[in-house]
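Read-outs throughout are calculated quantities, based only on the coordinates presented, and are distinct from any laboratory measurement. Just so you know, these numbers come straight off a predicted model, no measurement behind them. Cβ coordinates were reconstructed from backbone atoms using ideal geometry, including for glycine residues, and neighbour counts include every protein chain displayed.
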């Protein structure tokens, strides 16, 4: 089981490599062969870096991207935006958020901004993928959510900067090429992992586990507690321990 989860984690590592592989191509300091933006770059604010890196690739030189919460900024769940952060939202032409409560502070900031600036465009990964409130908020672990959100971001960029539509199409094509090893790795893992079962003490990795073909046996009561960031009931803990015992005895793990 640890080996299978390790392989699935490898798919996320490949995603990280793919997400960074286009930085040189989209950076203003890139080589002369890099296409330049045919229009004035627009300011874009992104709530968390899981989506910020993707936005940077898709916008390229046509977007000046400010990501509020990076890996060193703290927990996005509990983040308190600074005055400077609010200014980034205020000045943005486009805002990208995760949604589903993961970055509720960003949603509040956007609402406040839109009250005074209705022109700002917002792309929410949760809205794009029709994810209901209370669901697992770690949407970037779902390959289909990543693809759909990237498509929505590109569509919005083309609407905001029509003169750069073909440029954004090129950026998206480059992003898709960079993501091919990520999708290929998932399919390779799925071929050997499909149908295997697991129990989890956190829901962070569930989307990727599903993409890898794993079947979640975590008791529903325990799942509900950790999703709501509350303490599992004693019965839920016992039930999860039962899954662990059963898993040790199963020949397919």
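If you plug the beta carbon distance of residue 204 and residue 40 into 1/(1 + (r/R0)^6) with R0 = 51 Å, you get a FRET efficiency near 0.85. The translational diffusion coefficient of segment 141-202, from Stokes-Einstein at 20 °C and 1.002 mPa s with a Kirkwood hydrodynamic radius over alpha carbon pairs, comes to 154 µm²/s. The order of the peptides 185-193, 206-214 by mean Cβ neighbours within 10 Å, most packed first, is 206-214, 185-193.
Report the Cα centroid-to-centroid distance between segment 42-121 and segment 165-201 in angstrom, as an integer. If you average the Cα positions of each part, the centres end up 25 Å apart.
Both numbers refer to the Cα atoms of segment 89-144; Rg and Dmax are 11.8, 35 Å.
Given a Förster distance of 35 Å, report the FRET efficiency between residue 71 and residue 220 from their Cβ-Cβ distance, rounded to the nearest 0.05. Computed FRET efficiency for residue 71 and residue 220: 0.65.
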